[in-house]
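The values are calculated or read from the model by the stated rules, or taken from the named source; none is laboratory data. No experiment lies behind these values; they were computed from the predicted model shown. Neighbour counts run over all protein chains shown; Cβ positions are idealised from the backbone, glycine included.
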Amino acid sequence: MSDDKPTAPHFGAIIGAGVPRIDGPDKLSGRAHYAADQQPADLVYGYGVFSTIASGKVSQLSVARARQMPGVIEIFHHGHFPKLYRSPSSFAQGNKVEETRLPFEDERIYYAGQFVALVVADTFENARAAAREVEVSYAEDHALANLDQGVAAHGTRAGRGDHSRGDAAAAFDSAAQRIDVTYRTPVETHNPMEMHASTAWWERDHLTIFDASQGVVMARNALSKIFAIPPERVTVHAPYIGSGFGSKLWTWPHAVATAAAARELGRPVQLVVPRAQMFTTTGHRPETRQRLRLATDGNGKLVSLRHESINTTSFTDQYVETCGSVTKSLYSCPHLTVSHATTQVNRGTPTSMRAPGAAPGLFALESAVDEMAVAVGADPLAFRLDNYAERDESLDLAFSSNHIVEATQRAAERFGWDERSAEIGSMRQGREIVGYGMAACNWEALKRPCDARVSLRADGTALASCATQDIGTGTYTIVAQAVSDLTGLPLERITVELGDSSYPDGPVSGGSWATATTLPAIAKAARVALDEMKRYATGTNGAFAGVASDELEVAEGGLRNADGKQVSFADILGAARYGSADGEAHTEGADAQYSYRSFGAHFVEVRWDPGISHLRVARVVSAIDVGRVINETTARNQVEGAIVMGVGMGLFEATEYDARNGRPVNNDYAEYVVPVHADQPEVDVILLDYPDTRFNEYGARGIGEIGITGLAAAVANAVYHATGKRIRELPITLDKLMDDVPEARTA
Amino acid sequence: MRAFDYARAENPAAAIAAHGSDGQAAFLAGGTTLLDLVKLDVMQPRKVVDINGVALDRIESLDDGRLRIGAMVTNTALARDKRVVEDYAVLSQALLAGASTQLRNKATTGGNLMQRVRCPYFRDGVSACNKREPGSGCAAIGGVNRSVHAVLGTSDSCIAAHPSDMCVAMAAIGAKVQVEGPEGRREIDFADFHLLPGDTPQREHALAPGELITHVVLDAPLAGSRSAYLKLRDRQSYQFALASSAVIVQMDGNTVREARVALGGVGTKPWRAPEVEAALKGEPASEQRFADAAKLAFEHAVAYSHNAYKIPLGQQAIVRNLTDLTIA
Ligand SMILES: Cc1cc2nc3c(=O)[nH]c(=O)nc-3n(C[C@H](O)[C@H](O)[C@H](O)COP(=O)(O)OP(=O)(O)OC[C@H]3O[C@@H](n4cnc5c(N)ncnc54)[C@H](O)[C@@H]3O)c2cc1C
Ligand code: SF4
């Protein structure tokens, strides 16, 4: 494993401290206003009419009755909608959208829950009531309702992110031990608490939109393309987001429809996506089928690994779930192939959901590794320790910092893995059979280019701004911590402004890269502002006139010279009658010298009570190596939350579609089962906290996603240990574990 | 949501008068079923009669040992009532196993009796559904039917499970539903209150048009009995039963003198299982006997594409509940 350079100890205690979220009080007291809380004067409300078929076209659409309903102002549909333009959807240009088709482009229906009309009325209730009166007839085609149907109908199309080294097929054929297994994961839906919502208005050709967005800059640029106006004439606001899990990374049809309606009507329009449509028209994690072929030599060393995955995508766009992204580099293996393909089905376009690729991919890989360990008669822990990669063999680069062995060992020890008796079903407690399982977790570390501004102000406060977002994860707080650390100002005198596309360009809040991307830019801007402050202080009438700038040091929100004379920023600025000392900065993405990844391991205890077919996750111990932890509280919260989400992925979550017509059937919050408090296991998270200073000066790699990767596999492996049943299709519901289930009578 | 007239009634007679019997009106109790389905456009009353002011919110002990519960007593109040906790533990537990705290605070005894099925094809407003639109077919047969569909009492017209937990406990306890309507008052035996779907799944209960439930009167508790409700589901709270059992047993040493068993989640109505009760009577308490008896409840069960597991799961609900009450 690579060694870490010693870190320059220039960070104070506030970096890493578990300070409470600075936006907490506003959220708790209702002062935090979200996209649907905006109430501009003259506001009117939109409500969608959504397709009830999954494939075909609108053959007739009549608004006559709806128009008679009280309060109706306008009804848009494919025959009545302004001409807009598609965004090129380029990540590099910063205008990516996931569903490139615009709302109401034509009469085609690609999925159930697609917008077919938008009613605008004076109140939300009137808009909803009138939406029901829009009469739509369809010419329905046979829908492709799931992955198997898609593959059977038209096969697959190559995806991206493939990798090959050595000759995996030949090595497999001549290997001592092999397994060839297929795993499946269902559609999962993000279901953030806050529903997608947009409030939009136009003033003199300028679009202002409050959107539940994880990427205000990306949304601004996409909307500028869609409305064919310069990006300066679009402002996207997302000061608060009730989480997103990836579903709010890109601009979806409802935001486009809202902005277009506002322009047509010349007044503000608000649209909230109903919960049922949060399952259809704002993305989801696609269904996957993954074939894993693993082989070992006589010593239990992996010699061949193939991970071939197929995921469902829409008929409008190709979304690739890169299930093999982690497989390329987690284990050392000379002969390895990873491939991704997609198949089109009649569902909306999928999108990134927390740890895209890795979450379903590691369910398959880490289940298969467990199966391989069993096949060679090895302890799954020892098997992993024997096979973990020491360098990234896919990139042929050293890891910038990798402590997976320590993470695995520490978690194993805390968990009590050595008390595991290997025999299936051999550990019992009362009526319950205890199962122990483990899995590695892994996530790519990314750092993007970023701009930021920091102002030290005459009133003794600092203002930091960046057009990134805080999606509930703590970005506001860690930015304030960084500014406090560099300026010596207390947190309560630091204002952080995020979520506004007119601020300096910042990253989308996704990929776990917001921290590693934003903090260096903030730090650089703060240093520029401090240099400016020193110039003011050492100028003709300054408090330190005549002193050389480099003799001054920053102390407690002011500057101090070698004699101990200390003057606050406020006084320095006051003396010069300046309002602020400002710093703007740009930082680049990470260089390609190393492979940057985060690592960890989950250990899971499940309990299976065969007498009532009850399965529960009783305990999870996870050790995570994500570089430096910036805020102990919010970091831990991310991992714990991801573990809970992983329990949901393992045991409950699946968006179900009727195989006959492609309609979702459990698209509400009662029937789409996620864990509740009563399902929470005992969770123990160890944060290793080794700064990765090769990655950025803070040594932080980001922590939002890694916690969910591997968790479902650890659960499945524990279930196998308890029951002897290898469940290769998520979720692991009780019916899959029961014996003696009779045959069904009918189809 | 469509516009409707709204009236507030001060007493049962006024409520009944305001409601009328043309089938166009609905009583509004807690609203947790009604308003939900109105917003989904599945229920479309022209008139809503709010009965929150009718003063049917008392729980009274009757001289004959029975307990009379006003239709407007909330699920929370009923579950926490001392007499219920002590004499009808199964009912208190069933109520607390249902829904969420917020819902139970609003939901009422009468409304719970009248709650509609959770079948997604019923709720989506567009699929073929004989209950919502008689004669249109049943999309659940051959569709997704894992969680909220039944294996007992189904028909080729409808397979939706009755969703209530409370009613399962009442089915085991035995009760009378007191109603008042345009034709006066009457009493319906609890067992006859909910109807099997047959080929008229749109008819769910024995109320005549315009009749108001005023009370539910529980049979006197079985002397010296113990009772419990066991609800099995995927997650541990806030989910309807995949299978549940309400069990009341009266023991004579180690022998079952009398048992009452009802099932939830598996039947198209709250499902009393007399064949299980008969098989248990006079038998020694043992897991094997319980398992043999539990089988009898499912002799005529019909499994659909995704819910065959409910047949063994329902038996487990009975066996574990009985075991915990008598052996464990
Ligand atoms: C998300 C969710 C989860 C739930 N989970 C569960 C669960 O796990 N277990 C469970 O058992 N239940 C569950 N419920 C259902 C809940 O228990 C019922 O919605 C509730 O009991 C209905 O009572 P209410 O007073 O709100 O009825 P309302 O919604 O007011 O009325 C329901 C129906 O009964 C009629 N009605 C009401 N009172 C009378 C009366 N006195 N006479 C004649 N007709 C009347 C109304 O006209 C209406 O048709 C859940 C509900 C929701 C929304
Ligand atoms: S099961 Fe009953 S409620 Fe569901 S679709 Fe069939 S008829 Fe309708």
Practice problem: Tell me which residues, restricted to the range B:148-177, are more than 16 Å from ligand 2 (Cβ to nearest atom) and either without any contact (Cβ under 8 Å) to a residue 40 or more places away in the chain or assigned to a loop (DSSP other than H, G, I, E, B) (or both). | Solution: B:D165, B:G174
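For B:T326, state whether it is buried (at least 24 other Cβ atoms within 10 Å of the Cβ) and either over 23 Å from B:Y88 (Cβ atoms) or more than 14 Å from chain A (Cβ to nearest Cβ) (or both).
So B:T326 fails the test.
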Quiz item: Out of the range A:480-509, which residues are within 27 Å of the chain's Cα centre (by Cα) and not in a loop (DSSP other than H, G, I, E, B)?
Solution: A:A480, A:Q481, A:A482, A:V483, A:T495, A:V496, A:E497, A:D500, A:D505
Exercise. Identify, by number, the condition in (1) basic (K, R); (2) farther than 16 Å from B:L152 by Cα; (3) in a loop (DSSP other than H, G, I, E, B) that B:R320 doesn't meet.
Key: (3)
Exercise. Could you tell me whether B:G65 is more than 14 Å from chain A (Cβ to nearest Cβ) and within 11 Å of ligand 1 (Cβ to nearest atom)?
Key: no
Quiz prompt | Those residues of the range A:677-695 which are over 20 Å from A:V621 (Cβ atoms) and within 21 Å of the chain's Cα centre (by Cα), in sequence order | solution = A:F695
Quiz item: Which of the helices (runs of 4 or more DSSP H) contained wholly in the range A:631-747 include at least 2 residues that are over 30 Å from B:A97 (Cβ atoms) and not hydroxyl-bearing (S, T, Y)?
Solution: A:632-651, A:711-723
Self-check item: All positions within the range B:123-147 that are under 12 Å from A:E671 (Cβ atoms) and either near ligand 2 (Cβ under 8 Å from one of its atoms) or hydrophobic (A, V, I, L, M, F, W, C) (or both)
Solution: B:V144
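Here's the yes/no breakdown for (1) of a type in the set (D, E, K, R); (2) in contact (Cβ under 8 Å) with a residue 60 or more places away in the chain:
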| site | (1), (2) |
| --- | --- |
| B:D36 | yes, no |
| B:K39 | yes, no |
| B:Q44 | no, no |
| B:V49 | no, no |
| B:G70 | no, yes |
| B:V73 | no, no |
| B:A77 | no, no |
| B:R104 | yes, no |
| B:G110 | no, yes |
Self-check item: Qualifying positions in the range A:665-682 - buried (at least 21 other Cβ atoms within 10 Å of the Cβ) and more than 9 Å from every other protein chain (Cβ to nearest Cβ)
Solution: A:Y672
Self-check item: Number of positions in the range A:607-660 that are within 13 Å of another protein chain (Cβ to nearest Cβ) and within 29 Å of A:V483 (Cα to Cα)
Solution: 0
Exercise. Consider B:V266 carefully, then state whether it is buried (at least 17 other Cβ atoms within 10 Å of the Cβ) and farther than 18 Å from B:L325 by Cβ.
Key: yes
Quiz prompt | Of the criteria (1) of a type outside the set (V, I, T); (2) over 19 Å from A:D485 (Cβ atoms); (3) touching a residue at least 60 places away in the same chain (Cβ under 8 Å); (4) not in a loop (DSSP other than H, G, I, E, B), which one A:D571 fails | solution = (3)
Practice problem: For A:R745, indicate whether it is within 14 Å of chain B (Cβ to nearest Cβ), over 23 Å from the mean Cα position of the chain (by Cα), basic (K, R) and more than 30 Å from A:R527 (Cα to Cα). | Solution: yes
Practice problem: Scan A:V621, A:V644, A:V617 and give me the residue that is surrounded by fewer than 24 Cβ atoms within 10 Å (Cβ to Cβ) and of a type in the set (A, V, I, L, M). | Solution: A:V644
Exercise. Give the residue, chosen from A:A169, A:A139, A:A176, A:A130, that is modelled with pLDDT under 95 and either over 34 Å from the mean Cα position of the chain (by Cα) or charged (D, E, K, R) (or both).
Key: A:A176
Practice problem: Find the helices (runs of 4 or more DSSP H) located wholly in the range A:35-154 whose residues include 3 or more that are assigned by TED's automatic domain parsing to the domain that holds A:A260 and surrounded by fewer than 17 Cβ atoms within 10 Å (Cβ to Cβ), and list them. | Solution: A:64-67
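So that you can scan it fast, the table gives a plain yes or no per residue for (1) over 23 Å from A:V639 (Cβ atoms); (2) among the β-branched types (V, I, T):
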residue	(1), (2)
A:H335	yes, no
A:S339	yes, no
A:R347	yes, no
A:R354	no, no
A:A373	yes, no
A:V376	yes, yes
A:A398	yes, no
Quiz item: When the range B:98-136 is examined, which residues are found to be of a type in the set (A, V, I, L, M, F, W, C) and near ligand 1 (Cβ under 7 Å from one of its atoms)?
Solution: B:A99, B:L103, B:A107, B:M114
Quiz prompt | The lone exception for A:P274 - which of (1) over 25 Å from the mean Cα position of the chain (by Cα); (2) surrounded by fewer than 24 Cβ atoms within 10 Å (Cβ to Cβ) it fails | solution = (1)
Quiz item: Somewhere in the range B:272-285, is a residue under 21 Å from the mean Cα position of the chain (by Cα) and at the interface with chain A (Cβ under 10 Å from one of its Cβ atoms)?
Solution: no
Quiz item: Would you call B:A241 in a helix (DSSP H, G or I), in contact (Cβ under 8 Å) with a residue 24 or more places away in the chain and either within 14 Å of chain A (Cβ to nearest Cβ) or buried (at least 24 other Cβ atoms within 10 Å of the Cβ) (or both)?
Solution: no
Exercise. Determine if the range B:159-181 includes at least one residue that is within 14 Å of chain A (Cβ to nearest Cβ), within 19 Å of B:A246 (Cα to Cα), within 16 Å of ligand 1 (Cβ to nearest atom) and over 13 Å from the mean Cα position of the chain (by Cα).
Key: no
Practice problem: Pick out the one residue from A:E423, A:E390, A:E406 that is within 31 Å of the chain's Cα centre (by Cα) and in a loop (DSSP other than H, G, I, E, B). | Solution: A:E390
Quiz item: If you take the residues of the range B:148-158 that are more than 22 Å from A:T52 (Cβ to Cβ) and of a type outside the set (A, V, I, L, M), which of them is farthest from ligand 1 (Cβ to nearest atom)?
Solution: B:D156
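For B:A278, state whether it is away from ligand 2 (no atom under 16 Å from the Cβ) and either more than 22 Å from B:A29 (Cα to Cα) or surrounded by fewer than 24 Cβ atoms within 10 Å (Cβ to Cβ) (or both). If you could, list the steps in order and put the result at the bottom.
Values: away from ligand 2 (no atom under 16 Å from the Cβ): yes; either more than 22 Å from B:A29 (Cα to Cα) or surrounded by fewer than 24 Cβ atoms within 10 Å (Cβ to Cβ) (or both): yes.
Against the criterion (away from ligand 2 (no atom under 16 Å from the Cβ) and either more than 22 Å from B:A29 (Cα to Cα) or surrounded by fewer than 24 Cβ atoms within 10 Å (Cβ to Cβ) (or both)), B:A278 qualifies.
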Practice problem: Could you list, in sequence order, all residues of the range A:23-34 that are hydroxyl-bearing (S, T, Y) and assigned to a loop (DSSP other than H, G, I, E, B)? | Solution: A:Y34
